[in-house]
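Data block below; observations after.
Coordinate-derived values only; no laboratory data. Note that the structure is predicted; figures quoted are calculated from it, not measured. With ideal geometry, Cβ positions are generated from the backbone for all residues, glycine too; neighbour counts draw on all protein chains shown.
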Amino acid sequence: MDAAAERLAGRLRSKGIGSGALVEVRASRTERLLVGLLGVLKAGAAYIPLDPEYPAERLDFITGDTCAVLELGDAELSAVTEDTGEPNKPATASPEPDDLAYVIYTSGSTGRPKGVQIEHGSLVNLLLAMRDLLDARRAHRWLASASAAFDMSVPELYLPLVTGGTIVMVSETQTREGAALRELIARHEVTHMQATPTGWSMLLDVGFDAPGITAITGGEALTLTLAQRLRPKVGRLVNLYGPTETTVWSMADEIGPETDRVTIGHPLANTRVYVLDERLTPVPARLHDVPRPRKWSQSTCRSPYGGFGPARGSHVTAVTAAPMGTASPLSKLGFSILNCRDSVK
């Protein structure tokens, strides 16, 4: 796989595609997908993942919205994965922390897809934080079940690679069939798996029981009822929270065996989190009856606090719940803040 990614990177560089360029990767969920993503990164460019299973209208919008110089599909990636005997030129790209790694499209607050630009420094910070959080090792086997166009795919594709683990790729069809997915997890001795609460519910409904697995949940609110159903069936249960703009995950909490509540826990490494009232003023701990408090997450590259996380160009300085012209006292500290638009308790 690494050799194929090197070949692809060499071909891209020979076309003048490198730092600052955007390349669309529209591939099915196989090893070819990883070759495409890694090849683009090795060339120094940034990728835009497109899921072939997504509606044509959405894909057309994204293609029209970007300035991608090339699209890589299954056909192009199949050709490069074959060992043709062509010599691999050593990768010359050495990205800086603020170089772009990928652009992922979310639905946006209006339903119109919105491109979120993630830099290498933010990506590396996420992987190092999750490595430490989960004690990721060579012996671990990760299920890669999320679409590459969904940011949950980022840690399950890259964390095994940077820690020497194994990736178990799952097709789109297999992710929809609970019994088949349960059997695949057992057959491949998967040790780590991410899924939304909906995905975990589907597995529990077909008798999922894997006491050795680390279950990671996020993307939706985890209810106490589901947590109490899932926790006895797995070795560890970790609840994660984070907007796409803060590079997949920004907070984490491990759910214990006798849990009586579910929280989103504590910030990951190099991330700061603030709860502000409608005047954008930090709310003291244990203060009750604050009108619609907002959770804000801050972790800015080159900030005085050395934080990493938010997407390029994602910082805002006002929240819709605040009166027009209201300035946050936090702005005096010299960093930007990202409005997560979530209420917290």
Task: Principal axis dimensions, the range 135-267 - Cα atoms, whole angstrom, descending - done: 34, 33, 26
Task: For the range 143-158, 3J(HN,Hα) per residue [Karplus equation, 6.51 cos²θ - 1.76 cosθ + 1.60, θ = phi - 60°, Hz, x = Gly/Pro] - done: 7, 9, 10, 7, 4, 4, 7, 10, 5, 4, 5, 4, x, 6, 8, 9
TODO: Using 0.36 nm per residue of separation minus the Cα-Cα distance, give me the extension gain between residue 345 and residue 260 in nm, one decimal.
DONE: 29.0 nm
Task: Coil-residue trypsin sites (Lys or Arg not before Pro) of the range 123-197, DSSP, other Cβ within 10 Å capped at 15 - done: 137, 138
Open item on the list: If amide hydrogens are placed 1.01 Å from N in the peptide plane, which non-local residues have theirs closer than 5 Å to the one on residue 275?
Closed with: 283, 296
Task: Radius of gyration, Dmax [the range 205-247; alpha carbons; angstrom] - done: 11.7, 35
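Loop-only check: which GluC sites (Glu not before Pro) in the range 98-176 are DSSP coil with at most 12 other Cβ within 10 angstrom? Let's see the in-between values first.
Values: sites: 119, 156, 172; in loops: none.
Filter output for the range 98-176: empty list.
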TODO: Jot down the per residue volume, in cubic angstrom and as a whole number, of the convex hull over the alpha-carbon atoms of the range 1-119.
DONE: 97 Å³
TODO: Measure off 7 Å from each Cα along the Cα-to-Cβ vector at residue 223 and residue 67, then give the distance between these two points in nanometres to one decimal.
DONE: 4.7 nm
Open item on the list: Through the Karplus equation 6.51 cos²θ - 1.76 cosθ + 1.60, θ set to phi - 60°, convert the phi angles of the range 74-82 into ³J(HN,Hα) values in whole Hz; use x for Gly and Pro.
Closed with: 4, 5, 5, 6, 5, 5, 7, 6, 6
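Would you mind calculating the gained length between residue 281 and residue 54 on full extension (0.36 nm times residue separation, minus the Cα-Cα distance), in nm to one decimal?
77.6 nm
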Task: Amide H partners (placed H, <5 Å) of residue 21, local residues excluded - done: 46
- [ ] Return the sequence-ordered ³J(HN,Hα) values of the range 99-104 in whole Hz as given by the Karplus equation 6.51 cos²θ - 1.76 cosθ + 1.60 applied to θ = phi - 60°, using x for Gly and Pro.
- [x] 6, 6, 9, 7, 10, 10
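Give the order of 28, 78, 153 when sorted by the count of other beta carbons within 10 angstrom, beginning with the fewest.
78, 28, 153
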- [ ] Enumerate the amide H contacts of residue 51 below 5 Å, restricted to partners 5 or more residues apart or on another chain; note that Pro and chain-start residues carry no placed amide H.
- [x] 149
Task: Calculated FRET value between residue 96 and residue 15, using beta carbons and R₀ = 30 Å, to 0.05 - done: 0.85
- [ ] Within 10 Å of each residue's Cβ, count the other Cβ atoms and sort 150, 61 from fewest upward.
- [x] 61, 150
